[in-house]
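Readers should treat all values here as calculations from the given coordinates under stated rules, not as data from a laboratory. From a predicted model like this one, the values you see are computed outputs, not experimental measurements. With ideal geometry, Cβ positions are generated from the backbone for all residues, glycine too; neighbour counts draw on all protein chains shown.
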Amino acid sequence: MKRLLLLAVTVLCCYPTLKAQTNDTLSNSVATTTDKVVEKKFDKRSLIPKFTTTILGRYEFNTNLYTHHFELRHTRVGVYGTVHPMFSYMVLLDLSYGGRFSPVSIFARFTPVKGLTFQIGYDKLPFSNENLLSPSKYYFSDKSFLTQKITGWSDVGGVISYKWDKVIPFEIKAGVFNSGGFDKQMHFQKTLNYVARGTFNFFKDFELSLNYAAIKPQELRMHHIDAGLAYSIMGLHLEGEYIYKWYDNDFSPTHAIECFAYYSLKINKSWLDNLGFGLRYDAISPNCNGKLNGDGVYTFEPTRQRITAGFTMMFIEAPCRAGIRLNYEKNFFHDDFENNEDRLILEFIVHY
């Protein structure tokens, strides 16, 4: 029954591709670069790699405990490019992700025809809008619970994707990944992780995303269905996302939701590009990460809600990005759980 459900979802997501026959991450940059190279004559200049750097440094003040600290949230460096009209690559590393070294994306990509790609390597599982957003494109300092607590999956695997930009633009992705992490990729496994994602642009500046993922970090298989909506109009960006998660045992399902509005006011001064104002609500019900604790027991994090208010000064938006962000996060816990996590965050953003 489980395999039939997975097959049905995969076929549903891939059907528009068969019928047509034709944010983070920086992997979109690789796809764009490859498309341009395919359309023109390939020469030595096309071999020149492109470099990227993202630094997010912050100061945090805990308003419950009156404690504070400085943090390098991201120190991300990378190189990407093409070596052939049909082959591209990316190496993206976080030298300091909250104090830890972390690979982000390391893969090779094959594009036999425009729009169709095959990829093998280490990358985020293509699931959820916010999960795939590059740190330089964040609307708020911290990701929502939906991403922090559920969808932060990366591993070595293969992805096939197809992108169609006519009439009703859409992109379909389906992938199979290991479940042991970057340092256990040499281990043979009996079970893998599966993911399918479809994004559809029914009209300008509107996107619908539908996602499915079957994840098994240890012994417990967990299934996730995700739906997201995003719409932008006259400087206002609206976005919402919902995840329904169920387990291959008698655990109660987990629900997670986020919705936010972000308004960008254009200034167009030589020293200031725009001002941003954001407001977000996110919540999650009791959630299990599928991993056993030291006593061999599955544990659940408590139900919680949060409201985040943000203000951003963006000094330059393109081709580089630099700004200052100020966020305040107010948490609400259920079941008399003590709240020690309200925070004020000041962040510097630099991206090249």
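Each residue of region 224-230 was assigned a 3J(HN,Hα) from its phi angle through the Karplus expression (A = 6.51, B = -1.76, C = 1.60, θ = phi - 60°), giving 9, 10, 10, 10, x, 10, 9 Hz with x at Gly and Pro. Percent of Cα pairs in region 162-247 per distance bin of 10 Å, from zero to the largest separation: 15, 35, 28, 17, 4, 0. Counted by neighbouring Cβ atoms within 10 Å, the residues L116, L47 run from fewest to most as L47, L116.
To the nearest 20 debye, what charge dipole does the chain have about its Cα centre, counting +1 at the Cβ of each Lys and Arg and -1 at the Cβ of each Asp and Glu? Could you put the intermediate results ahead of the total?
Details: 39 positive and 35 negative charges, 301 e Å.
Rounded to the nearest 20 debye, it is 1440 debye.
Looking at region 183-242, the chymotrypsin sites (Phe, Trp or Tyr not before Pro) that sit in a DSSP loop and have at most 15 other Cβ atoms within 10 Å of their own Cβ are F188, F202, F203.
For region 39-146, run through the chymotrypsin sites (Phe, Trp or Tyr not before Pro) and keep only the ones in DSSP coil with at most 16 other Cβ atoms within 10 Å of their Cβ. Qualifying residues, ordered by number: F42, Y66.
Around the Cα centre of region 202-306, unit charges on the Cβ atoms of Lys, Arg, Asp and Glu (plus for the first two, minus for the last two) sum to a dipole of about 300 debye. Diagonalising the gyration tensor over the Cα atoms of region 267-352 and scaling each eigenvalue by 5 before taking the square root yields semi-axes of 37, 16, 10 Å, largest first.
Take peptides 327-334, 232-239, 276-283, 289-296 and line them up by average Cβ neighbours within 10 Å, highest first, as a rough protection proxy. Let's see the in-between values first.
Numbers: 327-334: 16.2, 232-239: 13.4, 276-283: 18.5, 289-296: 10.8.
Taking the mean over residues of other Cβ atoms within 10 Å, the ranking is 276-283, 327-334, 232-239, 289-296.
Report the one residue of F200, A213, N249 whose Cα lies farthest in the direction of the positive end of the charge dipole of region 199-352 (charges on C-beta: Lys and Arg +1, Asp and Glu -1; origin at the Cα centre). Highest projection toward the positive end goes to F200. Radius of gyration over Kirkwood radius for region 104-219, both on Cα atoms: the Rg/Rh ratio is 0.98.
May I ask you to list the trypsin sites (Lys or Arg not before Pro) in region 145-234 that are in a DSSP loop and have at most 13 other Cβ atoms within 10 Å of their Cβ? Intermediate values should be presented prior to the final figure.
Numbers: sites: K149, K163, K166, K173, K184, K190, R197, K204, R221; in loops: K166, K190, K204, R221.
Sparse-neighbourhood loop trypsin sites (Lys or Arg not before Pro): K166, K190, K204.
Dividing the helix sum by the residues of the chain, where each DSSP H run of 4 or more adds -39500 (n - 2.57), gives a mean residue ellipticity at 222 nm of -3000 deg cm²/dmol. A simple spin-label model places the labels of E71 and F311 2.2 nm from each other, with each point 7 Å out along Cα-to-Cβ. At an R0 of 35 angstrom, the distance between the Cβ atoms of A318 and K291 translates into a FRET efficiency of 0.30. What the Cα convex hull of region 209-341 gives, in volume per residue, is 155 Å³.
Can you pick out the pairs among K114/K269; K44/K163; K143/K204; K166/K245; K114/K184; K143/K216 whose Cα atoms lie more than 30 Å from each other? Could you put the intermediate results ahead of the total?
Values: K114/K269 39 Å; K44/K163 27 Å; K143/K204 26 Å; K166/K245 33 Å; K114/K184 34 Å; K143/K216 23 Å.
K114/K269; K166/K245; K114/K184, as the Cα separations exceed 30 Å there.
Compute the whole-percent fraction of alpha carbon pairs in region 2-351 spaced more than 34 Å apart. For region 2-351, the fraction of Cα-Cα distances above 34 Å is 27 percent.
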